[in-house]
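Q: Structure in structure tokens, see below.
No value in this document is a laboratory result; all are computed from the given coordinates. In this text, all values refer to a predicted model and were calculated from it rather than measured experimentally. Glycine also receives a Cβ, built like all others from the backbone with ideal geometry; neighbour counts cover every protein chain displayed.
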Amino acid sequence: MTAPLPKRIIKETERLQSEPVPGISASPHDDNARYFDVMVEGPGGSCYEGGVFSLELFLPDDYPMCPPRIRFLTRIYHPNIDRLGRICLDVLKNNWSPALQIRTILLSIQALLGAPNPDDPLNEAVAKQWKARENQPEAIKTAREWTRLYANK
Amino acid sequence: MSGYDVEHSIPAEQKEQPRRRPDLSTFFGTLDLVDTSGTRQPQNEHALPLPRDVSAAFRNLANAFDMMRGPATAHEQGNNDLLEQLVQSLMQSAEHPPSEVEGVSDEFIEQLERVPKKELREEQSCPICSNPFLEDTHPLVVRLPCHKDHMFDLECIQPWLKLNPTCPLDRKALVKKKVPPPPSADDEDAEYDDMYA
């Protein structure tokens, strides 16, 4: 567990601190520089607006050959995020590329909040609500409600 | 949110194994059996690795990661959840093995265009390790065929290409479907003689 930290991770971490992405913060743990506490603000105009969501991010030993592992810690009502906070997002799986970075991945996650994709669901129940035209207002109301309840600053 | 162990009703005493580094030699042994890229191409062009060997490669790696998990301390709970996900996805691949490992051949990597040092500029860096090429006194930089600006340290791009035949910058496929090299006439004669002499 004491292998030196790759330069790329050091550089990414420094840049995350010195030029933070608006609405996103990521800070490494003091005792494990591969483990980050992440905060993502719900995008304006979405049903997650006003919420601050906390996530955990871990860079595996083979990063950047493999994607970072990311999970929502805050409860969220979203068709592509399951009860355990796991995220269904192509760039975190098959479409990962070592040219992507922590910041680009977090931006993708923020974009996913702004544009839920119920056609590629991880959370079947939520996706079903989201897809049925007559239920959609209800689903969006629930998402707003959960944001207010769980994603407080 | 309740913890992973609670959700999966894992009793506490199962978490007492000591943490240690996994031994990956079994994994690489089984990987050898299923890697069919380049010169590792089997003699029979239609031969595919046995699904059980492909399964074994994934399962071995899953076991190694599983061992790495070790005991859960409150602090590292998160990491262990993530490792568990990885183990599960590997086990899933073991259940439904892909018919081939997809990476490019060693020959493909050897034939990539090398970029001479005098062509490299100060501000150019490797998209994978993000270090400027010229920081290295003897940079070994290759250019992928998809675009003239898609340059990488050979050392960085190689492990990626061995598993994924795509450019990290534009995801373009770098190889067409694998075509076995046509056997030369001499080879065939030699084989013929062997069998019927």
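Q: Hey, rough spin-label estimate for residue B:163 and residue A:15, points 7 angstrom out along Cα→Cβ, what's it come to in nanometres?
A: With each label point 7 Å from Cα toward Cβ, the separation is 2.2 nm.
Q: For residue B:10 and residue A:104, FRET efficiency with R0 = 56 Å and r from the beta-carbon atoms, rounded to 0.05?
A: Efficiency for this residue pair is about 0.95.
Q: Shielding of A:60-71 by partners, i.e. mean partner chain Cβ atoms within 10 Å per residue?
A: Numbers: counts 5, 2, 2, 0, 7, 8, 3, 0, 1, 7, 1, 4.
Taking the mean over all residues of the peptide, I get 3.
Q: Would you kindly calculate the translational diffusion coefficient of region A:7-150, applying Stokes-Einstein with the Kirkwood radius from alpha carbon pairs, for 10 °C and a viscosity of 1.306 mPa s, and quote it in µm² s⁻¹ without decimals?
A: After rounding, the answer is 101 µm²/s.
Q: Are any of the pairs A:7/B:176; B:117/B:148; B:117/B:176; A:93/B:118 more than 27 Å apart by Cα-Cα distance, and if so, which? Walk me through the numbers on the way to the answer.
A: Details: A:7/B:176 34 Å; B:117/B:148 15 Å; B:117/B:176 30 Å; A:93/B:118 38 Å.
A:7/B:176; B:117/B:176; A:93/B:118, as the Cα separations exceed 27 Å there.
Q: Among B:156-162, A:45-51, A:77-83, what's the highest-first ranking by average C-beta atoms within 10 angstrom per residue?
A: Most protected by this proxy first, the peptides run A:77-83, B:156-162, A:45-51.
Q: Run the quick spin-label model on residue B:106 and residue A:134: label points 7 Å from Cα toward the beta carbon, then report their separation in nm to one decimal.
A: Modelled inter-label distance: 6.5 nm.
Q: By its C-alpha gyration tensor, with a ≥ b ≥ c as the square roots of the eigenvalues, how is region A:14-96 shaped: rounded for a/c under 1.5, else prolate for a/b larger than b/c, else oblate? It would help to have the intermediate numbers written out before the result.
A: Working: a/c = 1.73, a/b = 1.22, b/c = 1.43.
Note, shape of region A:14-96 comes out oblate.
Q: Need one number: nm distance between label points at residue A:124 and residue A:54, each 7 Å from Cα along Cα→Cβ, rounded to one decimal.
A: Placing both labels 7 Å beyond Cα along the Cβ direction yields 3.2 nm.
Q: Another question, if that's okay. Per-residue Cβ counts within 10 Å, from other chains only, averaged over B:161-169: what number is that?
A: The per-residue average across the peptide is 3.
Q: Which helices count as membrane-span-like in chain A under these terms: full DSSP H, at least 15 Å along the axis by C-alpha, Kyte-Doolittle mean of 0.5 or more?
A: Qualifying helices, which must be both long enough and hydrophobic enough, are A:102-114.
Q: Hey, got the average number of other protein chain Cβ atoms within 10 angstrom for residues in B:122-131?
A: 4
Q: Can you tell me the length gained on complete extension of the stretch residue B:147 to residue B:121, counting 0.36 nm per residue apart and subtracting the Cα distance? Don't skip to the end; give the middle numbers.
A: Details: separation 26, 0.36 × 26 = 9.36 nm, distance 1.69 nm.
Result: 7.7 nm gained on full extension.
Q: Test of understanding: in a Gaussian network model of chain A with alpha carbons linked when under 10 Å, which of A:122, A:106, A:84 would top the mean-square fluctuation ranking?
A: Of A:122, A:106, A:84, the Gaussian network model singles out A:84 as fluctuating most.
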